[in-house]
1. On a 32 Å Cα-Cα criterion, which of the cross-link pairs K5/K143; K96/K187; K9/K224 come out too long?
2. How do H126, H56, H86 line up, fewest other C-beta atoms within 10 Å first?
3. What 222 nm value per residue comes from the helices of the chain, counting each DSSP H run with n ≥ 4 as -39,500 (n - 2.57) and dividing by all residues, nearest 500 deg cm²/dmol?
4. Quote to one decimal, in nm, the extra length available between D176 and R107 on full extension: 0.36 nm per residue of separation minus the C-alpha distance between them.
5. Of all GluC sites (Glu not before Pro) in the range 21-81, which ones are in loop regions per DSSP and have a Cβ with at most 14 other Cβ atoms within 10 Å?
6. Just how far, in whole angstrom, is the range 214-273 from the range 7-82 if you go by their alpha carbon centroids?
7. Quick one: if you take sqrt(5λ) for each eigenvalue of the C-alpha gyration tensor of the range 208-266, what semi-axes come out, biggest first, whole angstrom?
8. I need the Kirkwood Rh of the chain: take the reciprocal of the average 1/r across all distinct C-alpha pairs and report it in angstrom.
Amino acid sequence: MSTFKAPPKKSLGQHFLADRRYIDMIVLAVDPQPGERLVEIGPGQGAITLPLLRRHGELTVIEFDRDLITPLMEASEGVGRLTVIHKDVLQVDFSKLAADDGHHAGRQIRLVGNLPYNISSPILFHALEHAAAVSDMTFMLQKEVVDRMAAGPGSKVYGRLGVMLQAYCRVEALFDVPPGAFRPPPKVDSAVVRVVPLPAAEVGIDDHALYARVVRDAFGQRRKTLRNALQQVCSGEDIAAAGLRPDARAEQVEVADFKRLANYLAALPPGQRPA
Ligand code: SAM
């Protein structure tokens, strides 16, 4: 078996998972089923790749670091069919990937990855742009980010990230992972999260840009009431007519209520709609 000789690169967020228990927990959480199409982002030295490959028999990985490609291919020999895409994941078109793949063509992909933390949010939103091609994501991220993604109303960390994400996905924090599980250890705690895009019919947002604007303004000044924070978008009467309390603060408002308000505004006659 080949060795990975290059030292970890900080600029690529390389913190390699080294604790068997957490590797096993991730593989169990993914629990790949026959015929499923798995795509791992940032396989690194193969900590998750090889156990997944052993279990599932085939896997596609997307890795940006040239130094890791050959050792990864060598390590996978005799384990299973590994397809390596040497690219920046933000340049990978997941819809095309799902559509193109030979005998699995047209089947949704399942994304897995211990993500480079410096670009974890861009990766998440990039994947969501291709939500129809992605059946679920099991990602390791900074725990602080996972807490924000999964938070509900009333939580101190409930905010724009959670409300944007939960409008389009089911978000489930699975388990925490301490710095000592990685080589080299990161400075922060980590956590594994599952994100499952909702079918379009369940999302129920009539105007996506307007929804994003309502959420952005509502949390722009989170201590303000909705009536004040949303002054540029709508009136207190609009907020009440949509069934929300104008004196509530964004941090108390459910995702379903943000959707109701945005849909109410989207349905107003042209002259009364937010510009
Ligand atoms: N999966 C391995 C593990 O758990 O040990 C490595 C995880 S490490 C936190 C992140 C990985 O993502 C590294 O292998 C790094 O080279 C890769 N990476 C960083 N930026 C990337 C990008 N833009 N596109 C694809 N891979 C990237």
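Each reported figure results from applying straightforward, stated rules to the coordinates on display, with no laboratory input. Owing to the predicted nature of the structure, the values given are computational and were not obtained by experimental measurement. Glycine gets a Cβ as well: all are built from the backbone with ideal geometry, and neighbour counts include every protein chain shown.
1. K96/K187; K9/K224
2. H86, H126, H56
3. That calculation yields -10500 deg cm²/dmol at 222 nm.
4. 21.8 nm
5. E77
6. Rounded to whole Å, the Cα centres lie 44 Å apart.
7. After scaling each eigenvalue by five and taking roots: 14, 12, 11 Å.
8. 20.2 Å
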